[in-house]
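Here's the structure we're looking at; comments come further down.
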Amino acid sequence: MRHLAAAALTCLLSLATSAAQTGPHDAFARDLYKQLVEINTTDSVGSVTKAADAMAQRLKAAGFPAGDVRLLGPDPRKQNLVARYHGTGARKPLLLLAHLDVVEAKREDWSFDPFVFLEKDGYFYGRGTGDDKAMASILTANLIRLKQEGFKPDRDLILALTADEEGGKFNGVDWLVKNHRDLIDAELAINEGGSGQMKGGKYLINEIGASEKVYQDFKLEVKNAGGHSSRPVRDNAIYHLSDALARLERFDFPLNLNEVTRTYFDRMAAFQRDAKVAADMRAVAKQPPDAQAAARLASGSSYFNALMRTTCVATMLSGGHATNALPQLATANVNCRILPGEAPGAIKQKLTDVLADRAVAVSFVDEAKPSPPSPLQPQIMQPLESITKAMYPGAIVVPTMGTGATDGLYLRNAGIPTYGVEGLFYEIDDNRAHGRDERVGVKQYFEALEFQYRLIKALASQQP
């Protein structure tokens with residue numbers, strides 16, 4: 001029976017795939033997608049400039065003036081593409097953002113070459129198919145489609161395909177904001193960070209990423225005079241550090257929900273099979289949140305816990321200098337993901353209090369980059385909800401707060417509200433971004449292409 005079911009599912013996926021790609025715009029977008037995936041844009045050996053230039057040539061071939069298509073950046077190997085589609089100027093521009101760089105992928109770790117675009121069994125495979133070259137190809141293809149159709153937006157549409165989102169410094173969106181704000185200044189921006197979730201092919205929620213936690217590393221350091229290991233003493237740098245970390249392990253930061261996370265728990269409650277979990281989610285969404293309900297949710301899900309509070313966890317350890325000597329130095333890295341609105345300085349002080357040992361010095365590693373949540377305004381929520389209802393019946397829009405980070409933080413800090421909206425659905429238990437055999441459903445890719453086309457048009461024309 002399982003073999004028959006699998007064969008039937010494969011047949012259905014094949015039919016869905018052939019039905020999804022129906023016109024020249026779909027074929028064109030697929031070609032862009034393939035081209036981008038097959039350009040290696042890793043930090044080690046790749047070239048973001050090559051990918052950016054390939055998309056620049058596509059835009060120019062479609063009739064975009066050369067002066068409106070620019071490659072720029074501080075690193076010749078990592079140029080950013082910024083292109084402008086001129087509108088009437090009745091409203092400030094809409095920024096369409098995607099990054100071209102990808103995380104490393106080794107051939108020996110994959111089932112096939114990660115930099116060869118592969119369509120198989122209803123999926124597109126390759127490094128970056130999900131993060132973030134689907135979005136890059138979709139935005140580029142739709143901009144070209146709108147131009148070919150003669151669409152007249154009431155605002156400029158700005159496309160930014162950037163470098164160094166996956167970990168580089170002094171480039172990408174951060175560099176553009178600091179050095180060429182005029183080229184990307186906008187009323188609002190659409191970015192990655194809000195995908196759709198489905199279960200067994202059933203579409204459940206379409207996420208809108210409206211907020212992100214703040215990334216901050218802290219260095220814990222214990223220094224000691226050391227000595228010979230044949231004469232141990234209790235004043236040991238490693239013991240001081242390990243005892244302090246054990247206290248951190250037992251500590252939870254206080255609950256702190258915002259508009260985005262309260263709305264998330266309230267709307268997601270409807271999708272819970274466990275009635276007790278659903279009730280706890282609704283209880284947490286209230287003001288003030290139910291502390292006991294929050295405790296139950298946190299114990300059952302690390303994700304739910306991360307949505308409700310700042311988290312800090314030890315991620316690296318180092319200590320000692322010789323096997324036969326008492327340690328003179330022991331260090332640890334503690335990685336914190338801080339809720340929007342909570343000051344990094346206050347978190348540092350709380351860590352010092354929790355560690356409760358004067359021998360353990362706590363210091364910042366780099367400077368935190370807090371960013372405010374983007375408001376859930378009708379101008380973004382209404383078209384998003386109406387298009388979701390039309391394209392994915394039964395799915396609902398759910399605001400989310402990213403527990404990781406995207407380039408949206410630089411835009412939010414620059415006063416540009418930014419929303420992670422992809423329209424690209426994944427199986428809940430099969431999102432392979434950054435992982436082995438990264439893939440995106442063929443049907444889901446073409447649906448996202450149409451979703452973004454409708455959303456851009458809705459956001460770039462005044463509603464009656």
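The values are calculated or read from the model by the stated rules, or taken from the named source; none is laboratory data. Since the model is a prediction, treat every value here as computed from it, not as a measurement. FYI the Cβ positions are ideal-geometry reconstructions off the backbone, even for glycines, and counts take in every protein chain you see.
Scan the stretch 431-445 and give yes if some residue there is in a helix (DSSP H, G or I) and within 17 Å of the chain's Cα centre (by Cα), otherwise no.
No, the stretch 431-445 has no match at all.
Considering only the stretch 87-139, how many residues are of a type in the set (A, V, I, L, M), part of a loop (DSSP other than H, G, I, E, B) and without any contact (Cβ under 8 Å) to a residue 60 or more places away in the chain?
0
What are the pairs with Cβ atoms under 7 angstrom where one residue, in the stretch 45-61, is farther than 16 Å from residue 29 by Cβ and the other, located anywhere, is among the hydroxyl-bearing types (Ser, Thr, Tyr) and buried (at least 22 other Cβ atoms within 10 Å of the Cβ)? Sequence gap at least six, or different chains.
47/41; 48/41
Please pick out the residue among 217, 164, 154 that is charged (D, E, K, R), surrounded by fewer than 20 Cβ atoms within 10 Å (Cβ to Cβ) and in contact with a Gly (Cβ under 6 Å, 6 or more places away or on another chain).
154 is the lone residue from the list that is charged (D, E, K, R), surrounded by fewer than 20 Cβ atoms within 10 Å (Cβ to Cβ) and in contact with a Gly (Cβ under 6 Å, 6 or more places away or on another chain).
Give the residue that is farthest from residue 251 (Cα to Cα), with candidates limited to residues of the stretch 324-371 that are in a loop (DSSP other than H, G, I, E, B) and small (Gly, Ala, Ser).
Result: 371.
Restricting attention to the stretch 96-115, which residues are within 19 Å of residue 82 (Cα to Cα) and either in contact with a strand residue (DSSP E or B) (Cβ under 6 Å, 6 or more places away or on another chain) or among the small types (Gly, Ala, Ser) (or both)?
96, 97, 98, 99, 100
Looking at residue 166 and the list (1) in contact (Cβ under 8 Å) with a residue 24 or more places away in the chain; (2) outside any loop (DSSP other than H, G, I, E, B); (3) among the charged types (D, E, K, R), which single condition is not satisfied?
Of (1) in contact (Cβ under 8 Å) with a residue 24 or more places away in the chain; (2) outside any loop (DSSP other than H, G, I, E, B); (3) among the charged types (D, E, K, R), only one is false for residue 166: (2).
So, in the stretch 230-244, how many residues would count as being buried (at least 18 other Cβ atoms within 10 Å of the Cβ) and hydrophobic (A, V, I, L, M, F, W, C)?
3
Tell me whether the stretch 49-70 contains one or more residues that are part of a loop (DSSP other than H, G, I, E, B), within 23 Å of the chain's Cα centre (by Cα) and either more than 25 Å from residue 449 (Cβ to Cβ) or at pLDDT below 95 (or both).
Among the residues of the stretch 49-70, not one is part of a loop (DSSP other than H, G, I, E, B), within 23 Å of the chain's Cα centre (by Cα) and either more than 25 Å from residue 449 (Cβ to Cβ) or at pLDDT below 95 (or both), which makes the answer no.
Is it true that residue 313 is crowded, with 18+ Cβ neighbours inside 10 Å and either charged (D, E, K, R) or within 28 Å of residue 346 (Cα to Cα) (or both)?
No; evaluated as a whole, the condition is false for this residue.
Of everything in the stretch 117-151, what is crowded, with 24+ Cβ neighbours inside 10 Å and either over 18 Å from residue 450 (Cα atoms) or not assigned by TED's automatic domain parsing to the domain that holds residue 444 (or both)? Give them in sequence order.
Those that are crowded, with 24+ Cβ neighbours inside 10 Å and either over 18 Å from residue 450 (Cα atoms) or not assigned by TED's automatic domain parsing to the domain that holds residue 444 (or both): 126, 127, 128, 131.
Can residue 405 be described as under 30 Å from residue 333 (Cβ atoms) and small (Gly, Ala, Ser)?
Criteria met by residue 405.
Test each condition in (1) in contact (Cβ under 8 Å) with a residue 60 or more places away in the chain; (2) out of contact with any Phe, Trp or Tyr (no Cβ under 8 Å at 6 or more places or on another chain); (3) not charged (D, E, K, R) for residue 312 and report the one that comes out false.
Tallying (1) in contact (Cβ under 8 Å) with a residue 60 or more places away in the chain; (2) out of contact with any Phe, Trp or Tyr (no Cβ under 8 Å at 6 or more places or on another chain); (3) not charged (D, E, K, R), residue 312 fails exactly one: (2).
Of the residues that make up the stretch 29-41, is at least one within 29 Å of the chain's Cα centre (by Cα), surrounded by fewer than 20 Cβ atoms within 10 Å (Cβ to Cβ), at pLDDT below 95 and under 27 Å from residue 102 (Cβ atoms)?
No, the stretch 29-41 has no match at all.
Do we find that residue 174 is in the same structural domain as residue 68 (by TED's automatic domain parsing), surrounded by fewer than 20 Cβ atoms within 10 Å (Cβ to Cβ) and not in a strand (DSSP E or B) in this structure?
Here the answer is no, as residue 174 does not meet what is asked.
Listed residues 394, 423; which is small (Gly, Ala, Ser) and under 19 Å from the mean Cα position of the chain (by Cα)?
Just one listed residue meets the conditions, 423.
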